[in-house]
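The values are calculated or read from the model by the stated rules, or taken from the named source; none is laboratory data. None of the values given here were measured: they were computed from a predicted structure. Note: ideal-geometry Cβ built from the backbone for every residue, glycine included; neighbour counts use all protein chains shown. We work out accessible area using only protein heavy atoms, side chains counted, and drop any ligands, DNA or RNA first. Shrake-Rupley method; radii C 1.70, N 1.55, O 1.52, S 1.80 Å.
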Amino acid sequence: MFFREKTLEKRNATVAVIGAGDFIGGEIAKKFASEGFTVFAGRRNGDKLVPLVKEIEAAGGEIVARSLDARKEEEIISFLNDADKHAPLEVCIFNIGANVNFPILDTTERVFRKVWEMACYSGFLAGREAARLMLPRGQGNIFFTGATASLRGGSGYAAFASAKFGLRAVAQAMARELGPKNIHVAHLVIDSGVDTEWVRQRRLEALGPNALDDPDLLMPPASVAASYWQLYQQPKSAWTFEMEIRPFGEKW
């Protein structure tokens with residue numbers, strides 16, 4: 001059970017998690033639920049949110065889960081408006097990845113466009129619509145999940161890096177515009193592999209049977225969620241726009 005052993009103090013506020021996957025997104029949802037937020041969780045296949053809903057509700061938290069295609073403007077608008085109607089939208093976290101690796105000659109027009117839509121365009125939609133709801137109240141928090149590819153383009157990552165570079169630019173432009181209006185916009189760079197089954201398999205395939213011998217080289221998803229909570233707790237006199245996180249064993 002992920003909640004502290006005390007009565008859960010409910011807040012009159014919602015957090016929207018766009019890209020509430022089984023690992024990072026799910027841990028973000030659990031963390032904010034444990035702090036009393038009502039969580040609005042969205043992912044492409046809403047049926048996959050059933051275990052997360054059961055876990056949060058069993059621990060006394062509140063969550064509304066639904067299918068969400070973040071590339072569709074009308075779905076983002078409806079999702080965030082519904083969250084704000086339930087209780088004021090205080091935090092919006094965009095956590096869609098779209099990490100793919102293709103040699104440049106194998107990167108089709110469809111792959112490039114789809115990755116951009118998922119990791120950049122949908123982030124713009126989420127950030128814009130969250131800001132639309134927060135500005136009249138003069139407060140709020142909009143956070144974006146970045147990656148190593150947000151800062152450098154690696155071999156085979158033309159599509160992913162360009163989308164993540166673009167998302168970082170959107171976030172930075174929003175931070176400069178909205179910060180003076182008391183809306184904290186931040187970009188979290190995860191500069192390491194995150195401990196998921198997919199990453200583990202990729203490391204084994206690329207590095208061989210000893211690739212997982214050092215547990216300090218993969219970041220637990222709960223540690224990412226904790227970093228987002230730290231961003232949320234920052235006083236406005238010392239806001240961070242960009243935070244880089246990596247395991248202590250990671251070379252960089």
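Worth pointing out:
- Rounded to the nearest 10 degrees, the angle from helix 73-86 to the longest Cα principal axis of the chain is 40 degrees.
- The residues of the chain expose, per residue, 49 Å² of accessible area to a 1.4 Å probe.
- Each Lys or Arg adds one and each Asp or Glu subtracts one; over the other residues with Cβ under 12 Å from the Cβ of PHE143, this totals -2.
- Tilt relative to the chain, helix 24-34 - C-alpha long axis, 0 to 90 degrees, to 10: 20 degrees
- Across ASP82, ASP214, ASP195, mean-square fluctuation computed from a Gaussian network of the chain (C-alpha pairs under 10 Å connected) peaks at ASP214.
- Whole-percent pair-distance distribution, where bins are 10 Å wide, for the alpha carbons of the chain: 7, 31, 38, 20, 4, 0
- Considering helices alone, the calculated mean residue ellipticity of the chain at 222 nm is -12500 deg cm²/dmol, with DSSP H runs of length four and up weighted by -39500 (n - 2.57) and normalised per residue.
- Each 10 Å bin from 0 upward holds the following percent of the Cα-Cα pairs of the range 119-225: 14, 35, 30, 15, 5, 0.
- Placing a label point 7 Å from the Cα of ASP106 along the Cα-to-Cβ line, the residues of the range 203-218 whose backbone N sits under 15 Å from it are 205-206.
- Lys-Lys pairs in the chain that are eight or more residues apart or on separate chains and whose Cα atoms lie under 14 Å of each other come to 6.
- ASP82 paired with ASP22, simple spin-label distance in nm, labels 7 Å along Cα-to-beta-carbon: 2.4 nm
- Dipole axis of the range 106-230 (+1 Lys, Arg; -1 Asp, Glu on Cβ), positive-most option in ALA175, LEU218, GLN230: ALA175
- Tensor-based shape of the range 9-97 (alpha-carbon gyration tensor, a/c under 1.5 rounded, otherwise prolate or oblate): oblate
- Of the listed residues VAL199, VAL64, the order by accessible area with a 1.4 Å probe, largest first, is VAL64, VAL199.
- Heavy-atom accessible area, probed at 1.4 angstrom with all protein chains present, ranks HIS184, HIS86 as HIS86, HIS184, highest first.
- Where TRP198, TRP239, TRP252, TRP229 fall by accessible area, highest first, once all protein chains stay in place (1.4 Å): TRP252, TRP198, TRP239, TRP229
- Percent accessible area from carbon and sulfur atoms, the chain, protein chains only, probe 1.4 Å: 52 percent
- Cα gyration tensor shape of the range 18-155, rounded if a/c is under 1.5, else prolate or oblate by comparing a/b with b/c: prolate
- 3J(HN,Hα) along the range 199-214: 5, 4, 5, 5, 5, 4, 5, 7, 10, x, x, 9, 5, 9, 5, 9 Hz, from the Karplus curve 6.51 cos²θ - 1.76 cosθ + 1.60 with θ = phi - 60°, whole Hz, x for Gly and Pro.
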